[in-house]
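Working notes, beginning with the structure itself.
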Amino acid sequence: MADEETQSTLAKITGLVVAGAVAWIAGKAVDAAWKAASGHKPPKPEDDDDPRIAEVVAAAAVTAAAVTVARVFATRGTKKFVERVDKNRRLPKA
């Protein structure tokens with residue numbers, strides 16, 4: 001029982017770290033792509049200038065979509081990896 005709880009906790013922590021890192025990388029990639037396409041960084045809530053609402057909505061939608069898709073793939077990949085490690089750990093040693 002303790003191994004299952006430890007594995008579950010390990011899987012959760014690993015998944016959280018990987019998903020967070022991938023989300024950050026996806027956000028940075030969107031920022032770079034936005035700057036390459038428009039010539040400036042995407043608008044942020046703390047910006048002093050007054051960007052058009054359409055640009056704010058577009059930036060939010062693109063960023064949210066990229067981060068969500070990246071997190072889904074990272075979470076699925078991490079789950080498969082943890083299951084494979086767990087399976088190898090449970091195999092009888094010869």
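Is there a residue being touching a residue at least 40 places away in the same chain (Cβ under 8 Å), among the aliphatic types (A, V, I, L, M), under 19 Å from residue 13 (Cβ atoms) and surrounded by 14 or more Cβ atoms within 10 Å (Cβ to Cβ) anywhere in the stretch 58-66? Don't jump to the end; show me each part of the working.
Residues of the stretch 58-66 that are touching a residue at least 40 places away in the same chain (Cβ under 8 Å), as a first pass: 66.
Retained after the next criterion (residues that are among the aliphatic types (A, V, I, L, M)): 66.
So of that shortlist, the ones also under 19 Å from residue 13 (Cβ atoms) come out as none.
There is no residue in the stretch 58-66 that is touching a residue at least 40 places away in the same chain (Cβ under 8 Å), among the aliphatic types (A, V, I, L, M), under 19 Å from residue 13 (Cβ atoms) and surrounded by 14 or more Cβ atoms within 10 Å (Cβ to Cβ).
Can you tell me which residues in the stretch 32-90 are β-branched (Val, Ile, Thr) and touching a helix residue (DSSP H, G or I) at 6+ places or on another chain (Cβ under 8 Å)?
Here is the first cut: in the stretch 32-90, the ones β-branched (Val, Ile, Thr) are 53, 56-57, 62-63, 67-69, 72, 75, 78, 82, 85.
Passing the criteria: 62, 63, 67, 69, 75, 78, 82.
Regarding the stretch 32-45, can at least one residue be identified that is surrounded by 15 or more Cβ atoms within 10 Å (Cβ to Cβ), modelled with pLDDT of 80 or more and out of contact with any Pro (no Cβ under 7 Å at 6 or more places or on another chain)? Outline the logic, then answer.
At the first step, the residues of the stretch 32-45 found to be surrounded by 15 or more Cβ atoms within 10 Å (Cβ to Cβ) are 34, 42-43.
Applying the additional criterion that residues be modelled with pLDDT of 80 or more yields 34, 42-43.
Now drop any that are not out of contact with any Pro (no Cβ under 7 Å at 6 or more places or on another chain), which leaves 42.
Yes: one or more hits.
The values are calculated or read from the model by the stated rules, or taken from the named source; none is laboratory data. If you're wondering where the values come from, they're calculated on a predicted model, not measured in any experiment. When we count neighbours, we look across all protein chains shown, and the Cβ atoms used for this are built from the backbone with ideal geometry, even at glycine.
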